Structure formats: C-alpha cells, structure tokens
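A.B. asks: Got a structure for you, written out below as structure tokens; questions coming shortly.
The values are calculated or read from the model by the stated rules, or taken from the named source; none is laboratory data. Note that the coordinates shown come from a computational prediction; the quantities given were computed from them, not determined experimentally. Please note: Cβ atoms are built from the backbone with ideal geometry, for glycine as well, and neighbour counts cover all protein chains shown. Side chains included, ligands, DNA and RNA excluded: accessible areas come from the protein's heavy atoms. Shrake-Rupley method; radii C 1.70, N 1.55, O 1.52, S 1.80 Å.
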Amino acid sequence: MNCSNCGGHVAIDDKFCIHCGHNIKSEETVKEAETQDEKICPNCSTKVKDDDKFCMECGHILRDKDDILNDRPQNDMGKETFNENSETLEKQTAQNINLKNEARNLFNNTTKSIGKFAGSEESLDLNLKDMFSEVFKPHSKEESDEVFIAGTKNTTPSLDEVSEEWAKPWVFSRVFLAFAITFAALWVLGAVFENANAIPGLIFIGALTVPLTGLFFFYESNAFKNISLFEVLKMFFIGGVFSLVSTMILYNLITFSESYYLNGTMTVVDAALVGLVEETGKAIIIVYFINKNKTNKILNGLLIGGAIGAGFAVFESAGYILNYSTNFDISLIDMIYTRAWTAIGGHLVWSAIIGAGIVIAKEENNFGFNNILDKRLLFFFFSSVILHGIWDTSISLAGSNTLKYLALICIVWIIVFILMKAGLKQVNILQSKVKDIKENGDK
C-alpha cells in the first residue's frame, strides 16, 4: 500500500510512514469511523465511545459531545468552519451593501417626490464639499465688494449670463466671523471688566449672528443677483418686525390649552397652533414683498422668505434671551448659545421654504387668493408648519432634545437644497424661453 500523504510505499502493518512520518493508523481509523458512523477523538482520531470522558489512546478530555468529531477528521472540520465563517461574512457584507442601497434609493425617491412640487423631478445630488470649497480660501476685498454690490441696475447680469451651476458662497462665513469677534469683545467687556453696558450688545449680537449669516448664504446663492443688499436688509428689518406684528394679531384669534396658560407647557395641539400662526404671520409679509419685487424666480423666493424669517428670528431671540436670563435660572451666555445654534434650522429656513412655495404657486402673476389652495404652496407651507410644530413640542428623540433639533435641521435643509436645485433648473427653463422668443421674433 502507499502513504496517502507522500505516496511512498509502506507495509500493511506500519503505523507510521517511514518516508514522511504520516500517521497511517489514525487515517485508517478515521476512514473506518466514517464508514461505520462512529465517534473519534478530535486530538488523535482514535475511535471512542459516546460515554467516554477521556480518550483511551492519548488522554484527551472529552468534555461534551461537541468535542467529539463525527464523520470527518479535524482538518476537514477546520476547513468547513472557515468556509462557514466566510459565507457568514459575505452575507453580512451583502446585507450592509443592500441597506446602503436601500437608504440611497429611499433618499433619491424622497427628494424626487419633493422636487416634483417645485418643478424638478431629479433626485438631490449635492456635493457639500465642493459647494463650500471657497470658504477656506483667501479672498480679496475686491471679490467681497463684487458680492455686496450685486442687484443694482448696473450689476444685475442679463438672463443669458446667469449660471445654472451650484453657487459657491463664502462671504457668509466672513460675516459670521465678524459677528463672532464682536460678540467675543462684548463678552470681555461684560465678564472681565464687569461693564453692564455690554449686556444689551451681547443680547443683540448673539441673536443677530446666525440668522444674518444664514441670510447672506441665501443672498450669495441667488444666481440671478437681481436683489440688492439694501433691499434685502429692508426686508430683514421691516419685514421681520411686521411679521411679528401680524403674528401677534393672529395669536389674539386663537386659544391654547389650560396647561399652557397655567405652567407654560405645550401640548401637541398647542405646538401645532404656534407653528400655524407664526408661519401664517410671516407668509403674509412674504407675499407682500414677493409681489412688490414682481419676481417669479424660486431663488428669489428663498431669499425674500429667508430675509423675513431671519428678521423675525433676531427680534424673537433677543426677547427670549432677555426674558429667560432675567426671570429664570438660566445663564445669559447659555441662552444666547442655545438660541444661536438652533437658529440654523428655525425661522430663517422655514420662511425661506414658504417664500419659494409662494413663487412656485403664483408663477408669472402676482400672488392672489386663488393661489392659496395651490397644492404646491400647501405642501411647502405645511412642511414648514409641521417642522415648526415638532420643534416646539416636548417630544424628544432618543430622550434628547438636541438630537431632535439636529434631525429637524437636516430635514429642513434637505428641503431647502431641493428648492435650490429647482431654482437652478428654472434658470435653464427661463433662458430657453427667452431664446425661443428671440428666434420667433427674428423669423
């Protein structure tokens, strides 16, 4: 007979191969066990009984039946275990890939569905790294001057010069930095030099920084560059104040729950009413300024809505900061910080969405009562109302209000970016219309 390991000739009664040392007896025992369906020791492959606790040949401890190999030698079992682990890993990897694909498909389908209301049936494909690539680059004074002088008669580009590419705003970051430095200097006056006169400045700059920074982001993202900074600031201050006035008038027409009047706790219905009243109050002023500017451009609607919302946010936050820091056991700086970072996903963007919705609904004409029930406007209006209402409820996410706010901020900015994409697509549509008119006129 021959050795199964090296192929060398061995005698029938040899226990080991004289050429390579292979255990011939063990191999024969394994083969016998396989044919007779018997148990073998996992250490030396000697046949053992089911009730044996030790191998009679090598003394290996047989702790339980799982340690006794059945039907195959140990090296084959190792191979099978490896194969099983490989298959499990492949399945887990495939499942992870499927989950990622499902999440991507869900995102694409959702953004497509939302985009349809804005006239764009494409999914949102946004490269934020590229969009904000100019933020960390050095820029000259002349470059910033070009941004600030946009929107005048001499600086507004013609329609065929308007780019349909995503804007790469950067001035907003310098605005934020300027306000942050101002706030830090006022804090030094108040905290280090104990000058109480710095407190009003701290409150106002603290309330102003984020909303105005966000407004400059919308200003730079307006590809048409047809609204001047002076007009934007007018809408910011005047529109912001009058939106508060209209909101207070509407508040007198509704009644909240007893728990709200007794201890200030909002029910879900109360929060929904707050969202409805405040977004309606701002929408009234947004309609006025959109009709005044006679614009049919989605990016203009985002800017005008953002201006009114930013103004509303600044005046409201200043009041909250003063009230809570004086009447409640809350630090002034903590309150300013909270109102500042949460403003990223608050009135600024809720109003911007409504502004875009109003422009989409009215199309070429002035907004009128006949546009109120337009399903496109209703979708974007109630998106803001619902997001606002959830924001104000006591409902948390995984026990954390911070996580809830972060989730809502992500959702609202996704809607904003969808509207921005629709606005850029509109550039191409308007350019095509003008081209067709010129061609028909030449014929």
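A.B. asks: Going residue by residue through segment 432-443, is there one that turns out to be surrounded by fewer than 20 Cβ atoms within 10 Å (Cβ to Cβ), part of a helix (DSSP H, G or I) and either at pLDDT 95 or above or small (Gly, Ala, Ser) (or both)? Full working, then the answer.
C.D. replies: Initial filter on segment 432-443 (surrounded by fewer than 20 Cβ atoms within 10 Å (Cβ to Cβ)): 432-443.
Those left that are additionally part of a helix (DSSP H, G or I): 432-442.
Those left that are additionally either at pLDDT 95 or above or small (Gly, Ala, Ser) (or both): 432, 441.
Checked against the condition, which is being surrounded by fewer than 20 Cβ atoms within 10 Å (Cβ to Cβ), part of a helix (DSSP H, G or I) and either at pLDDT 95 or above or small (Gly, Ala, Ser) (or both), segment 432-443 yields at least one hit.
A.B. asks: Take segment 113-126 and flag every residue that is of a type in the set (A, V, I, L, M) and assigned to a loop (DSSP other than H, G, I, E, B). First the steps, then the outcome.
C.D. replies: Of the residues in segment 113-126, the ones of a type in the set (A, V, I, L, M) are 114, 118, 124, 126.
Those that are of a type in the set (A, V, I, L, M) and assigned to a loop (DSSP other than H, G, I, E, B): 118, 124, 126.
A.B. asks: Now for a different question. Mind listing whichever residues of segment 390-406 are under 13 Å from residue 266 (Cα atoms) and among the polar types (S, T, N, Q)?
C.D. replies: Of all residues in segment 390-406, those under 13 Å from residue 266 (Cα atoms) come to 390-395.
Answer for segment 390-406, where residues must be under 13 Å from residue 266 (Cα atoms) and among the polar types (S, T, N, Q): 393, 394.
A.B. asks: Right, something else. May I ask you to verify whether residue 123 is farther than 26 Å from residue 379 by Cβ and out of contact with any strand residue (DSSP E or B) (no Cβ under 9 Å at 6 or more places or on another chain)?
C.D. replies: Against the criterion (farther than 26 Å from residue 379 by Cβ and out of contact with any strand residue (DSSP E or B) (no Cβ under 9 Å at 6 or more places or on another chain)), residue 123 does not qualify.
A.B. asks: Evaluate segment 165-172: report whether one residue or more is more than 16 Å from residue 416 (Cβ to Cβ) and touching a residue at least 60 places away in the same chain (Cβ under 8 Å). Before you say what the answer is, go through the steps one by one.
C.D. replies: Initial filter on segment 165-172 (more than 16 Å from residue 416 (Cβ to Cβ)): 165, 168, 170-171.
Within this subset, residues satisfying the condition of being touching a residue at least 60 places away in the same chain (Cβ under 8 Å) are 165.
Within segment 165-172, one or more residues are more than 16 Å from residue 416 (Cβ to Cβ) and touching a residue at least 60 places away in the same chain (Cβ under 8 Å).
A.B. asks: To continue, here is another question. Considering segment 328-379 alone, what residues qualify as being aromatic (Phe, Trp, Tyr), open to solvent by 30 Å² or more (accessible area, probe 1.4 Å) and closer than 23 Å to residue 290 by Cβ? Give the derivation first.
C.D. replies: Keep residues of segment 328-379 that are aromatic (Phe, Trp, Tyr), which gives 328, 337, 341, 350, 367, 369, 379.
Next, from what is left, pick out any that are open to solvent by 30 Å² or more (accessible area, probe 1.4 Å): 328, 337, 341, 367, 369, 379.
Residues satisfying the conditions are 367, 369, 379.
A.B. asks: Take residue 110 and tell me if it is in a helix (DSSP H, G or I) and at pLDDT below 80.
C.D. replies: Details: in a helix (DSSP H, G or I): yes; at pLDDT below 80: no.
Judged against the criteria, residue 110 is not a match.
A.B. asks: When you scan segment 127-192 for helices (runs of 4 or more DSSP H) that lie fully inside it, which ones turn up with 2 or more residues that are among the hydrophobic types (A, V, I, L, M, F, W, C) and open to solvent by 50 Å² or more (accessible area, probe 1.4 Å)? So that I can check it myself, show each step before the final result.
C.D. replies: On the way: elements: 128-131, 141-148, 171-191.
Of the helices (runs of 4 or more DSSP H) lying wholly inside segment 127-192, those with at least 2 residues that are among the hydrophobic types (A, V, I, L, M, F, W, C) and open to solvent by 50 Å² or more (accessible area, probe 1.4 Å) span 171-191.
A.B. asks: Here is a follow-up. With the requirement that a residue be small (Gly, Ala, Ser) and on the phi < 0 side of the Ramachandran plot, what does segment 373-431 give you? Talk me through it step by step, then tell me what you get.
C.D. replies: Here is the first cut: in segment 373-431, the ones small (Gly, Ala, Ser) are 383-384, 389, 394, 396, 398-400, 407, 422-423.
Residues satisfying the conditions are 383, 384, 389, 394, 396, 400, 407, 422, 423.
A.B. asks: With the requirement that a residue be touching a Gly at 6+ places or on another chain (Cβ under 9 Å) and either farther than 18 Å from residue 272 by Cα or surrounded by fewer than 18 Cβ atoms within 10 Å (Cβ to Cβ) (or both), what does segment 390-408 give you?
C.D. replies: Step one: list which residues in segment 390-408 are touching a Gly at 6+ places or on another chain (Cβ under 9 Å), which gives 390-392, 405-406, 408.
If the condition is that a residue be touching a Gly at 6+ places or on another chain (Cβ under 9 Å) and either farther than 18 Å from residue 272 by Cα or surrounded by fewer than 18 Cβ atoms within 10 Å (Cβ to Cβ) (or both), then 392, 406 are the ones that fit.
A.B. asks: Moving on. Going by the structure shown, is residue 251 farther than 27 Å from residue 296 by Cβ, open to solvent by 10 Å² or more (accessible area, probe 1.4 Å), modelled with pLDDT of 95 or more and not hydrophobic (A, V, I, L, M, F, W, C)? So that I can check it myself, show each step before the final result.
C.D. replies: Working: farther than 27 Å from residue 296 by Cβ: yes; open to solvent by 10 Å² or more (accessible area, probe 1.4 Å): yes; modelled with pLDDT of 95 or more: yes; not hydrophobic (A, V, I, L, M, F, W, C): yes.
In short, yes.
Conditions tested, residue by residue: (1) under 27 Å from the mean Cα position of the chain (by Cα); (2) under 21 Å from residue 377 (Cα atoms).
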site: 248; (1), (2): no, no
site: 268; (1), (2): yes, no
site: 292; (1), (2): no, yes
site: 300; (1), (2): yes, yes
site: 309; (1), (2): yes, yes
site: 321; (1), (2): no, no
site: 331; (1), (2): no, no
site: 341; (1), (2): yes, no
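A.B. asks: Pull up segment 137-164, narrow it to residues that are without any contact (Cβ under 8 Å) to a residue 24 or more places away in the chain and small (Gly, Ala, Ser), then point me to the one that is farthest from residue 432 (Cα to Cα).
C.D. replies: So, considering only residues that are without any contact (Cβ under 8 Å) to a residue 24 or more places away in the chain and small (Gly, Ala, Ser), the one farthest from residue 432 (Cα to Cα) is 140.
A.B. asks: Within segment 222-235, does at least one residue satisfy the condition of being open to solvent by 50 Å² or more (accessible area, probe 1.4 Å) and among the hydrophobic types (A, V, I, L, M, F, W, C)?
C.D. replies: So far as segment 222-235 goes, yes, one or more of its residues are open to solvent by 50 Å² or more (accessible area, probe 1.4 Å) and among the hydrophobic types (A, V, I, L, M, F, W, C).
A.B. asks: Please give the number of the condition residue 325 fails out of (1) at pLDDT 95 or above; (2) surrounded by 17 or more Cβ atoms within 10 Å (Cβ to Cβ).
C.D. replies: Of everything listed in (1) at pLDDT 95 or above; (2) surrounded by 17 or more Cβ atoms within 10 Å (Cβ to Cβ), residue 325 misses just condition (1).
A.B. asks: Specify the residue that is modelled with the lowest pLDDT; the eligible residues are those in segment 259-295 that are part of a loop (DSSP other than H, G, I, E, B) and surrounded by fewer than 17 Cβ atoms within 10 Å (Cβ to Cβ). Spell out how you get there, then give the answer.
C.D. replies: First, pick out the residues of segment 259-295 that are part of a loop (DSSP other than H, G, I, E, B): 264-267, 294-295.
Within this subset, residues satisfying the condition of being surrounded by fewer than 17 Cβ atoms within 10 Å (Cβ to Cβ) are 264-265, 267, 294.
On the way: 264: 76, 265: 82, 267: 91, 294: 95.
Checked segment 259-295; the qualifying residue modelled with the lowest pLDDT is 264.
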